[in-house]
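This report refers to the structure that appears directly beneath it.
The values are calculated or read from the model by the stated rules, or taken from the named source; none is laboratory data. Every value quoted in this text rests on a predicted model; they were computed, and no experiment measured them. Backbone-built Cβ (ideal geometry, glycine too); neighbour counts: all protein chains shown. The accessibility values were calculated without ligands, DNA or RNA, using every heavy atom of the protein model including side chains. Shrake-Rupley method; radii C 1.70, N 1.55, O 1.52, S 1.80 Å.
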Amino acid sequence: MIKLRKKWLTLTPVLRWTLIIFFCFLLVGAYLFWQYQKPLSAALYGHNHTDRPIFSYWVNDKWGGNAAANGGGGVVCCSRIEGRTLKVVWVLSRTRDQIDQGGERERYELDIANPPKNAEDYYLHVHFFPENQVRLAWSPSHDTPYEDLDRAPDIGEEEI
């Protein structure tokens, strides 16, 4: 270690500063390259097409918030959503009467194939339909292919 320090001190100050600046640029460049290689985060956008409010839901253990009944929903930012299949878990809301009468918590879970995603897609739309059906769709905006549906489309019906 002492030999290395002596060699460092024998360098001219201009060369030492040039090496220090080069090393700093190298660190910043490596960090930016690493950030560029990471997949972008996503916003979870919940849509509830049922007559029961959703107390809370998760996609791959990332919390997505809650969704009011009959089209209600909202956006929760920013989660890293990755994988060939996505695990969607949701809990339905209970009224005070249901809780007082000992009504059990209704928790559901599905593994669903991750839909195709383009580079500009940022929102993962999570649609909850009657009969515990869930559909996912990526989009670059708040628009979603299941916007005006009361029932999930008949493509690869997934049930609990």
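Using heavy-atom solvent-accessible surface (probe 1.4 Å) with all chains present, what is the largest-first order of Ile112, Ile21, Ile2?
Of Ile112, Ile21, Ile2, the descending order of accessible area is Ile2, Ile21, Ile112.
Can you compute the modelled spin-label distance between Ile112 and Leu15, with each label point 7 Å from Cα toward Cβ, in nm?
6.3
How much accessible area does Thr10 have with a 1.4 Å probe, in Å² rounded to the nearest 10?
Approximately 110 Å² of Thr10 is accessible to the 1.4 Å probe.
Sticking with the crude label model, points 7 Å out along Cα→Cβ, report the distance from Arg105 to Ser93 in nm, one decimal please.
That separation, rounded to one decimal, is 1.7 nm.
Express in nm, to one decimal, how much length is gained between Glu131 and Asp143 on full extension, taking 0.36 nm for each residue of separation and deducting their alpha carbon distance.
Taking 0.36 nm per residue and subtracting the Cα distance, the gain is 1.9 nm.
Just by accessible area at a 1.4 angstrom probe, what is the order of Leu86, Leu19 from largest to smallest?
Highest to lowest solvent-accessible surface, that is Leu19, Leu86.
Can you give me the accessible area per residue for segment 55-150, using a 1.4 Å probe, in Å²?
58
Points 7 angstrom from Cα along the Cβ direction at Leu27 and Ala119: gap in nanometres?
3.1
Where does each of Lys7, Lys87 land when they are ordered by accessible area, with a 1.4 Å probe and the largest first?
Lys7, Lys87
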